[in-house]
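Input: a single structure, listed below in structure tokens.
The values are calculated or read from the model by the stated rules, or taken from the named source; none is laboratory data. Keep in mind the model is a prediction, meaning the values are calculated, not measured. With ideal geometry, Cβ positions are generated from the backbone for all residues, glycine too; neighbour counts draw on all protein chains shown.
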């Protein structure tokens, strides 16, 4: 056999061996790594390298949330002999995101079965699409009207108002309703303060006018009270004069009657 034939056979044997090794690693690598004390992320990476790389750049990885935290412990024989089921519902997320899940449960998203993974990619925690496109996939009529507003031309997105951060919270709100003015204050604080200043100035002016009116009314009341006291004194004097004059006229009248009576009895 020629040297060329021997070299060709050696290459074929090497390629076949390498292929067999690769197949063995793909089929049995996870099982071997799972039993060797390797971190579960390395075990999962043998098949799910794309998901693992997304996870490594995520907030979950930064906070030590591992594959097993959501998927559970590695199942021996996976993937050929067994599966690792994972629910797509919010029950997996609520173990850590208690407040966020509670807000979501009170939202219309929950009522219409829009789950966490409907908007978020599981491994990267990013939204599946850009904000406007993601919201517009369900709320197309609102997006159409929103594009004609000053908010849109200023770069304000849906989540800036509908997922504003609750007071004192470290997460974005997931009720998706503008529940108070905190969503507005973030951008319009100066305008609101100016309006409050104008309102306060007007209120002070109105208060000053009311105080002036109150002082005038007080003076008028005092004048009326003085007039009332004068009238009371005048009534007493008038009553006394009336009684005295009436008595005097009564006496005169009686004397006059007596005088005529006596004059009529004379012969």
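Can you tell me how many residues in segment 70-126 are touching a helix residue (DSSP H, G or I) at 6+ places or on another chain (Cβ under 9 Å), closer than 19 Å to residue 54 by Cα and assigned to a loop (DSSP other than H, G, I, E, B)?
So the answer is 10.
Here is a list of conditions, (1) out of contact with any strand residue (DSSP E or B) (no Cβ under 7 Å at 6 or more places or on another chain); (2) surrounded by 12 or more Cβ atoms within 10 Å (Cβ to Cβ); (3) modelled with pLDDT of 85 or more; (4) under 24 Å from residue 62 (Cβ atoms), and residue 98 meets all of them except one; can you say which number that is?
(2)
From the list 263, 246, pick out the single residue that is at pLDDT below 75 and more than 30 Å from residue 137 (Cα to Cα).
263 is the lone residue from the list that is at pLDDT below 75 and more than 30 Å from residue 137 (Cα to Cα).
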